[in-house]
Amino acid sequence: MMIREVKKTTWLLWGLFAILLVLSAATLDYSGLSTFSLAMGRDVLQGLSQPDWSFFYDGSGEDLWSLLLLTIGIACLGTMIATVCAIPVTLLSAANLWDSAPWVAKVGKMICNILRAFPELVYAIIFVRVVGPGPFAGVMAIGVHQIGMLGKLFTEEMEAMDERLTEEMQAVGANFWQTMFFVRVPYLAPIYSSFALNHFEIAVRSAATLGLVGAGGIGAPLIFAIQTRTWSKVSIILLGVVVTVFLLDQLTGIIRKKLR
């Protein structure tokens with residue numbers, strides 16, 4: 001009996017999925033296909049298959065190598081700011097630190113929710129208007145967004161840790177700050193470091209797109225190359241981003257394993 005009900009539910013879900021797929025296909029606008037041609041697609045693929053290696057490094061400061069270093073720098077500084085600023089937000093948000101005043105933790109969590117509610121691109125647009133275009137706007141955009149993201153993750157780990165460790169310290173006369181520095185910090189530091197490294201990888205990907213709105217990095221030359229249909233330049237930029245993200249992923253993965 002149970003097997004029949006599971007099968008009926010499965011077929012029902014597949015039927016609903018098929019209906020949604022048909023409705024989605026029926027509501028799409030296919031007028032753009034009329035402007036697409038095989039020759040255009042062949043030109044794009046041919047351009048992407050021939051990267052412009054002269055753009056990799058020419059000493060001008062506007063080449064791929066320099067812009068990738070700038071993108072990594074934006075991501076690194078933004079993540080560092082977020083990691084440092086997320087610590088006080090965590091102390092404010094962790095409910096197990098505010099047993100006598102639970103409303104304080106609710107305020108802290110609300111701050112985290114507000115900060116991470118908007119993507120980095122929205123913050124980048126705001127900071128470009130506030131501080132002007134350039135890498136600093138990208139750093140601030142990544143930093144503010146990741147304060148909310150890291151603050152939430154740090155808070156969850158703080159609340160999930162075994163409180164028996166702190167209770168044992170308190171039983172021998174340790175105060176709040178002693179339990180914080182001698183119990184919580186040694187316990188949570190490797191976890192927090194792993195989170196920060198993971199978000200550094202995410203920040204590199206985000207920083208690669210912030211240049212689209214003038215926040216520095218590799219995004220600006222990428223969108224200009226796409227607009228001018230310089231596909232060989234688009235190819236070398238995309239290749240550089242992929243290789244950079246891959247190498248950083250491998251490096252941070254090794255570091256995270258050492259922290260465990």
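The values are calculated or read from the model by the stated rules, or taken from the named source; none is laboratory data. Since the structure is predicted, the reported quantities are computational estimates derived from the model, not experimental observations. Glycine gets a Cβ as well: all are built from the backbone with ideal geometry, and neighbour counts include every protein chain shown. Just so you know, the surface numbers come from the protein's heavy atoms only, side chains and all, with ligands and any DNA or RNA stripped out. Shrake-Rupley method; radii C 1.70, N 1.55, O 1.52, S 1.80 Å.
A few remarks follow.
- Magnitude of the charge dipole, the chain, Cβ model with Lys/Arg +1 and Asp/Glu -1, debye to 20: 480
- Dividing the mean sequence gap of close Cα pairs (under 8 Å, 6+ apart) by how many residues the chain holds gives a relative contact order of 26 percent.
- Accessible surface computed residue by residue for the chain, with neighbouring protein chains in place and a 1.4 Å probe, gives 61 Å² per residue.
- For M110, net neighbour charge (Lys/Arg +1, Asp/Glu -1) across residues whose Cβ lies under 14 Å away: +4
- For region 80-90, 3J(HN,Hα) computed residue by residue from phi via the Karplus equation (6.51, -1.76, 1.60; θ = phi - 60°) reads 4, 4, 5, 5, 5, 6, 6, 5, x, 5, 5 Hz, glycine and proline entered as x.
- In this simple spin-label model, placing a label point 7 Å from the Cα along the Cα-to-Cβ direction at both L251 and R164 gives a separation of 4.1 nm.
- The calculated 222 nm mean residue ellipticity attributable to helices in the chain amounts to -25500 deg cm²/dmol, summing -39500 (n - 2.57) over DSSP H runs of n ≥ 4 and dividing by all residues.
- Simple point charges give the picture: +1 on the Cβ of Lys and Arg, -1 on the Cβ of Asp and Glu, and for region 52-172 a dipole about the Cα centre of about 520 debye.
- Relative packing of peptides 101-107, 63-69 - highest average C-beta neighbours within 10 Å first: 63-69, 101-107
- Considering only alpha-carbon pairs that sit under 8 angstrom and 6 or more positions apart, the relative contact order computed for region 111-260 is 26 percent.
- Estimated FRET transfer efficiency when R0 is 51 angstrom, pair Y187-V243 (beta carbons, to 0.05): 0.90
- Estimated inter-spin distance, T228 and I111, nm [label 7 Å along Cα→Cβ]: 4.6
- Simple rule: put +1 on each Lys or Arg Cβ and -1 on each Asp or Glu Cβ in the chain, find the dipole, and look at W14, L121, T83; the Cα lying farthest toward the positive end is W14.
- Loop-located GluC sites (Glu not before Pro) in region 166-202 (DSSP state not H, G, I, E or B) with no more than 15 neighbouring Cβ atoms inside 10 Å do not occur.
- Of all accessible heavy-atom area on region 101-260, the percent that carbon and sulfur account for (1.4 Å): 69
- Highest average first, the peptides 244-252, 71-79, 152-160 ordered by how many other beta carbon atoms sit within 10 Å of their residues are 71-79, 152-160, 244-252.
- Rounded to the nearest Hz, the phi-derived 3J(HN,Hα) couplings of region 236-253 under the Karplus curve 6.51 cos²θ - 1.76 cosθ + 1.60 (θ = phi - 60°) are 5, 5, 4, 4, x, 5, 4, 5, 4, 4, 5, 5, 5, 5, 5, 5, 5, x, where x marks glycine and proline.
- Between helix 102-115 and the chain: long-axis angle, C-alpha atoms, 0 to 90°, nearest 10: 10
- The dipole here belongs to region 136-239: it is taken about the Cα centre, uses +1 on the Cβ of Lys and Arg and -1 on the Cβ of Asp and Glu, and is about 820 debye.
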